[in-house]
1. Out of every Cα pair in the stretch 604-647, what percent are spaced more than 17 Å from each other?
2. Counting other Cβ atoms within 10 Å of each Cβ, which trypsin sites (Lys or Arg not before Pro) in the stretch 475-574 have at most 16 and sit in a DSSP loop?
3. Tell me the per residue accessible area of the stretch 172-293 using a 1.4 Å probe; a whole number in Å² is fine.
4. If you average 1/r over every pair of different alpha-carbon atoms in the stretch 135-279 and take one over that average, what Kirkwood value in Å do you get?
5. Between the DSSP loop rule and a limit of at most 10 other Cβ atoms within 10 Å, which chymotrypsin sites (Phe, Trp or Tyr not before Pro) in the stretch 72-166 are left?
6. Leaving ligands and nucleic acids out of the surface, order K363, K132 by accessible area at 1.4 Å, largest first.
7. Note down the accessible area of T731, probe 1.4 Å, to the nearest 10 Å².
8. Between rounded, prolate and oblate, where does the stretch 14-98 land on the alpha carbon gyration tensor, with a ≥ b ≥ c its root eigenvalues, rounded for a/c under 1.5, else prolate if a/b exceeds b/c?
Amino acid sequence: MRKILLSSLFFLLPVISFSQAIVGEWDSYTSVLNVRDVIVKDNYVYGASSGGLVEFDRSAKQFNTYTIRHGLTRNDIQCLAEDKFGRFWLGMSFPDGEINIWNTETKTVEQIFPENISFIHLTAITSFAFYKNKAFAAYQQNVDWGILYFKIADSRYLYNDYFISFPAEISDINSLTVIGDTLWVATNTGLLFADLNQIDLKPSSAWQNVIFPASGYSSNVVSYEGMILANLGSALFKIEGDQANLYDDSFTLDINSLITDDSGMLYAATNGGVYRFNSGSWKNVLQGSTTKCAFDSDDVLWGGSDSKCLWTYSDENLRYYTPNTILDNIYTALWVNEDGSLVAGTQKGISYQTDKGWCNIVKTNYYKNIGDHSNDDWDYFVADTLAYQVSSRIYSIIRRSDGNYFASLYGSYISYGRKGGLLKFNPNSLDKYFVYDTTDGILSATRKWDDYLGIGFMALDDFENLWICNQYAQNENVLAVLTPDDKWYHFSIDDSHGYLNLFLTSIEFDSNGKVWFGSEVKFGEDPSRGGIIVLDYNGNLSNTSDDEWRWITTSDGLADNSVYSLAFDFEDNLWIMTSAGIQRAVVSGNFPSRYFSQIDPAVLTSVPFAKECRIKVDGLNNKWISTVGSGVKVYTHNGIWLNDVEGFTTGNSGILSNYVLDIAFDPDDGIVYLATNKGISIYKSPYAVFGDEYRELKIFPMPFEIPSARPLVIDGLLQESDVKIITIDGTFVRHLSFIDGDIIGQQAFWDGKDHRGRYVGSGVYLCMAYTKDGNTTVGKIAVIRRN
C-alpha cells in the first residue's frame, strides 16, 4: 500500500505559486505534454506546447513553463521560431491567432501582434520564416489561409501587409521555409514558392505552384546535398523550378517534418518515429510518435512528443523528459477537497494535487500499473495506470467522507473484457479501485448498444447517498442511488409515472429532502418531454410505495423544457438553466399544490447553453454560470451581474477560454477553478468564506519596503472587515475600510502611508482587523523605508 497526502499545500506545486495572490489575479494549470515545435538554443531546449512555452535546461535537467502568468497573451502555442535578434516568435493556436515575441534572456514578451492585426480575426498561426529584415507568418482565418508580412524598423518588427492571392486555392499551411532567396510554402494541397527579390508579393502572379505527379500534402522543404527536397505524403521529390521529380518513394509513413543534421544527413519525423535517409533507404532510429525535432550543437537529436513533452536521442538511446504536469487541457469535472487540494477529471484520466506536486491516473483499457511514488522525483511526471474505459468524458467527480472518490464515465464501451460505467477510487489505496458496470444490473447499458454505458451527472445528498443519472438506460432504470453502506437502489421511468426520461442532466436537493432533476427535450426514436422532475421519497429509499413525483414544465413558468442545470442557493432560491436562459424561482411553501410562489422571466437569453453547462453557488452565495462560448457569468450575493452581465471572458480577464466545462471553489481562500477547453483557470476572488472567526492573517510582502509600486496585502479577513494600522505604542496611523475601497473581500491593501498621505518610517506596526459584530484579530507588519 502506498500513501500520498492530499494536502492544502498546493501552493508548493512546481507550476504555480498562488499563496500570495492578490484579489482579482488570474492563473492557470495547463498540460505541457503535447509539444508541437522545438528549438535548441545554447543550453536550453524550448517547446511550443498547448499549455505554454516549455524551457528545459539540458545541464540541470530542470523545466520552466511560461504562460499568461509571465505575460503571454495565450498558453496554447502552435509554432515557434527564432528571429535574427535571437528572440522567439510564438504563434498561438485556435481560436486566437496572436503572435508573441519572447525574449529568452529577460523572460518577457517584447512585442504582441493581436489576432485582429490585419483587420480580420486570425484564428491560428502555424509557421514562421525570416529573410533579411523581413518576417513571414502563416495564418488561418476560419477556413481561409494566408501569410502575414513584417519588416524591421529600429530593431522592432512592424506589421506591413498580408498575402492571400495564390495561383490555386490552398488549405492548411504546414510550414514556411526560406532557402536562399526563395520562400517555400508547404500546404495540405501541395507546394508553392515566391522569389523574395520581388518588390510585391501581393498579386497571385508573384507565386508559383510546384507541379507534382499527384495530389497530396507537403509538410516542409529542406536543402539536401545541394538539392531542394520536399515531401508529398511519404514520398520525396526533387524540386527543379516549378517541377517536382520523384527522388524516393520507398518510405511508407506520412512525414510530419524533414530536417538535416550538421553533416547533411536527412531525417524524417513521423507518427511512427524518426527515420534517417542514407544511400537510398530509410532506417528507423527511434520509435514513437514525433512532431518536430532539432539538433543541438553536439548533433544530439531533440524532439517534441504529443504525450510526453520532450525527448532526446543520442548513441542509440531514447529518453523522454516530462515535467510534473496535468494530463490534459480539456478537463470536464472538478472537485475541491476541504483542504483546498484539487481533483480534476478528463477523458484521458484523473489528476490530483498532493503535497509534492501533481499525480495522475492514466486510463487504459486492460492493464493497471500502480507504483510507490515516495522516492520519485516530483519535478517530473508522476502517474499510475488504471484499467477502465471512457470514450467521451468524465461527467462528475465526487468525494465521500470515507475518502473514496467516484467518477462517472460517460461513454464507456465494456465489450472484450473492458470495464466502464462508474469508477470508485481512493488515492491512498489505489490498488483497491473498483469499476461498477452492468454486472448484477447495478447500471444499465444504453438502448442502442448492449456494451455501451452513458453514466452522466452525479450528486451527493446530506446522507452521503450518491445519486447517479444513467442516461439512455435500456431497462429504463435511469436513476441509480448508491448508499454509504454500498446498497443500490433504482428508479425507473415507470416508477415516476412516466415523468423521468432517458436524458437527465442535473440533480439538486432542497432543504425539505426532495430531489430535483433537470432533463432535456429530445425528438426521434427515444423522445423526451424534458422539464423538471421532483421526487419526495420521504427519506426511505427502500420503500417506494409512498414516493411522490411531480413534473414541472413551461406551463408552470419554465422558459423552455430543455433544462440543463439546477442549483439551490443559500436562500433556497432555485436557479434554473434552460436552453432559453437563466431563471430564478422561489419554491412555494404549499408545494405541491403550487410549485413556485415566484419564477422570474429568463435572462441571458442570447447566451449559448448546453447540457455541459453548470450553475454553481460559492460560499458567499454568488451564482457562477458556465457557458459554451461566452465565458462564465456571475450573479453576486448582493444582486449584481458582474461586469455588466459580461462576467469573465477572454476579452476582459485572464480566463483561458470562453468555453467553460465545470466550476469548483476553495471557499476558504476565495479561489475559483474553471475547467475550460484550454486548461484550468484559477481566479483569486474576493469571496472567501471560512467561518465567523478570524484565522491567522497572511501579510505580504514581508518586510514591506516603501515606496513600493505594489501595496502590502493583509489576507484572511472576514467579509466587510475594517483594519486599523497603529504603532507598537498605540499611535493611530491609518484606517482601511471596504467602504473606501482599501479592502476588497478578504484582503486589505496598504500603500505604506499614514492618514495624512505621508510614508511612515521604518519599524514594526500592528494591524488590527475587526468587524461590526465584534470579531477582532491582530497582525504585525515590518516596514523598511528606503528614502
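The values are calculated or read from the model by the stated rules, or taken from the named source; none is laboratory data. Everything quoted here is computed from the prediction, not taken from an experiment. All Cβ positions, even for glycine, are placed from backbone atoms using ideal geometry, and neighbour counts span all protein chains on display. The protein model used for the area step is the full one, side chains on, heavy atoms only, and it has no ligands, DNA or RNA in it. Shrake-Rupley method; radii C 1.70, N 1.55, O 1.52, S 1.80 Å.
1. Considering the stretch 604-647, 27 percent of its Cα-Cα pairs are separated by more than 17 Å.
2. K487
3. Value for the stretch 172-293: 42 Å² per residue.
4. 16.0 Å
5. Passing sites in the stretch 72-166 are F119.
6. From most accessible down to least: K132, K363.
7. My reading of the accessible area for T731 is about 70 Å².
8. oblate
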